[in-house]
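Okay, so here's the structure we're looking at.
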Amino acid sequence: MKTAGAGEAASKIGLLLLAISLTAALLCPGIAHPEDSWLKEFEAVCSQTDDAMDMTKDQLDQLVERCNRLKPDIEKQDEITKKVYLKRLDSCRSLYEFILETKYKQ
């Protein structure tokens with residue numbers, strides 16, 4: 001009977017931990033990547049800029065409010081992510097507000 005060496009045992013433990021981590025990531029994606037929720041909301045809000053001119057006042061008001069609620073979540077991110085996404089969020093919000101002002105406020 002051959003005894004496994006320390007390196008082989010460590011390798012097996014490493015593979016076991018990797019398998020457990022991957023299983024947890026697949027079964028509980030919210031735990032593995034909680035930051036995705038703000039990113040999904042960002043994409044949902046800012047993906048509507050092409051249709052903004054055809055939106056009602058209420059739809060535009062809701063998008064501006066969603067931008068306002070999203071800002072604190074983005075401010076919690078690392079510096080580079082925060083800088084990029086805050087700039088993009090501000091651009092989306094500014095467009096929605098501009099359309100509100102020009103189209104609905106006379």
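Of all the residues that make up the stretch 48-69, how many are over 16 Å from S37 (Cα atoms), assigned to a helix (DSSP H, G or I) and polar (S, T, N, Q)? It would help to see each step written out before you state the result.
We begin by selecting, within the stretch 48-69, every residue over 16 Å from S37 (Cα atoms); these are 48-65.
Subset that is assigned to a helix (DSSP H, G or I): 49-54, 57-65.
Retained after the next criterion (residues that are polar (S, T, N, Q)): 49, 59, 62.
Looking only at that region, the number is 3.
Go through the stretch 70-89 and give me each residue that's of a type in the set (D, E, K, R), assigned to a helix (DSSP H, G or I) and without any contact (Cβ under 8 Å) to a residue 12 or more places away in the chain.
Looking only at the stretch 70-89, we keep the residues that are of a type in the set (D, E, K, R), and these are 71, 73, 75-76, 78-79, 82-83, 87-88.
Narrowing the set further to residues that are assigned to a helix (DSSP H, G or I) leaves 71, 73, 75, 79, 82-83, 87-88.
Correct list: E75, E79, K82, K83, K87.
Within the stretch 91-100, identify whether any single residue is surrounded by fewer than 16 Cβ atoms within 10 Å (Cβ to Cβ), more than 18 Å from A44 (Cα to Cα) and over 13 Å from the mean Cα position of the chain (by Cα), and answer yes or no.
yes
We did not get these values from a lab; they are worked out from the coordinates using the rules stated. If you're wondering where the values come from, they're calculated on a predicted model, not measured in any experiment. In this analysis, Cβ positions are derived from the backbone assuming ideal geometry, glycine residues included, and neighbour counts consider all displayed protein chains.
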